[in-house]
Amino acid sequence: MGVGPIEYIVVGFPGNKFNGEIAPELAKLIDSGIIRILDLVFIGKDDAGEVVAFEFDQLDELEAFAGLEGEIGGFLSDEDVAYAGAALEPGSSAALLVWEDLWAAPFATAVRESRGELLGGSRVPRELIEAA
């Protein structure tokens with residue numbers, strides 16, 4: 001079986017206004033076979049500027065993520081958490097999510113087997129799409 005592209009995002013929650021509503025949408029993507037979660041870490045920066053990481057069972061707001069299927073854990077390092085946390089404002093939090101695009105695995109395999117090489121790529125910002 002081929003491996004699809006691996007992506008990550010850091011979703012910030014200014015003022016720690018996090019309610020877990022993204023968990024059901026992630027579950028739909030997993031259940032439909034579109035993505036496979038490789039790692040998911042919740043990060044906070046306290047008012048003094050110290051970065052801390054949280055597990056599902058440490059905060060009630062994260063309880064909705066406990067049922068997600070995947071090989072969650074071990075992909076991200078302490079350095080990754082510190083790097084993502086450095087961008088946070090004090091008193092805010094973020095979710096750092098790494099996933100495999102399962103939907104693209106057959107295409108990625110075909111590219112490799114045809115000796116193709118990825119030369120570049122990026123996400124087009126939503127603002128540019130809306131403007132177009």
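Each value in this text was obtained by applying a stated rule to the coordinates, not by laboratory testing. What you are looking at is a predicted structure, and each value in this text was computed from that prediction instead of being measured. All Cβ positions, even for glycine, are placed from backbone atoms using ideal geometry, and neighbour counts span all protein chains on display.
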Go through (i) 11.3; (ii) 12.5; (iii) 10.1 and flag the label whose value is the computed mean projected area of the Cα convex hull in nm² for this structure.
-> (iii)
Can you give the % of DSSP beta bridges in the chain that are antiparallel, to the nearest 5?
-> 95
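Grab the DSSP H runs of the chain that are 4 residues or longer, score each as -39,500 (n - 2.57), total them, divide by all residues and round the 222 nm result to the nearest 500 deg cm²/dmol.
Rounded to the nearest 500, it is -7000 deg cm²/dmol.
Under a Cβ-Cβ cut-off of 14 Å, what is the net charge of the residues other than Ile34 that fall near it, where Lys and Arg count +1 and Asp and Glu count -1? Before the final figure, lay out each step's value.
On the way: positive: Lys28, Arg36; negative: Glu7, Glu25, Asp31, Glu69, Glu100, Asp101.
Net of charged neighbours comes to -4.
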